[in-house]
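J.: Following this message is one structure expressed as structure tokens.
Values in this text are rule-based calculations from the coordinates and carry no lab data. Everything numeric in this text was worked out from a predicted model, so none of it was measured. Heads up, the Cβs are rebuilt from the backbone with ideal geometry, glycines too, and the neighbour counts pull from every protein chain shown.
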Amino acid sequence: MNTEPKTSPPDKANGMNRIVRWAPLHAFGAEHFHIQTTAEGFLAQGTVVGSRGNNPYGIFYRINISADWLVRGFEVRETGSSHVLKLTHDGHGHWSSPGGPVPSLDGCIDIDIAATPFTNTLPIRRLRLQEGATQAISVAYIPVPSLQPLPIDQQYTCLEAKLYRYENLTNGYSAELVVDDDGLVMDYPNAFKRA
């Protein structure tokens, strides 16, 4: 699998300042999300409350994104706890924590935080797939609430404008995602909806 990021021309010149709310379809929860243009690209932040089984959780995340939609660094904090995951990315598939390199994530370009549909936007915007095009990628998957990252393989296919097939190549899961003009998820069947 190609570990070099596929990038497209920066588009931050258009500016972005959006607030979106999502709700999970089959569990209690909600997310309040904000993305804005910065001097370096974009800053995305979200607060999510939800549950996995009978275990409630709350997280806050912050993602620094370059103008060409590469994750440069992120932080995920469990609310009411000192549990924090903080990683930086060199833009070429190498991640570091405050304690040093994280070789288990080598080759991962994007991230996928389990509790939010926003992280699907990252490869959708970065790849800029034409209709009918497919791209396999490696991502750092962040399960919630454990926040223990692991590499997984995913694939995105542009079915038509604003409609993408997401596939988790590791476990076989797939879904067709409807996105808005900014690439933010509007409908994630059996998972999330706009609130």
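J.: Between I19 and N168, what FRET efficiency comes out of the Förster formula 1/(1 + (r/R0)^6) with R0 = 25 Å and r the beta carbon distance, rounded to 0.05?
T.: 0.35
J.: Once label points are set 7 Å from the Cα along Cα→Cβ at both Q45 and T79, what is their separation, rounded to one decimal in nm?
T.: Here the answer is 1.4 nm between the modelled labels.
J.: Once R0 is set to 41 Å, what does the formula 1/(1 + (r/R0)^6) return for the Cβ-Cβ distance between K86 and D181, expressed as a FRET efficiency to the nearest 0.05? List each step's numbers first, then the result.
T.: On the way: r = 31 Å, r/R0 = 0.76.
Efficiency at R0 = 41 Å is approximately 0.85.
J.: Something else about it: Can you put H89, H26 in order, fewest other beta carbons within 10 Å first? All intermediate terms of the calculation are to be shown ahead of the outcome.
T.: Numbers: H89 24, H26 8.
Taking fewest neighbouring Cβ atoms as first place, the list is H26, H89.
J.: Then there is this: Rounded to the nearest 500 deg cm²/dmol, what is the calculated helix-only ellipticity per residue at 222 nm for the chain, with -39500 (n - 2.57) per DSSP H run of length n ≥ 4? Could the numbers behind the result be given before it?
T.: Numbers: 1 runs with 10 residues, N = 195.
Calculated at 222 nm, the ellipticity per residue is -1500 deg cm²/dmol.
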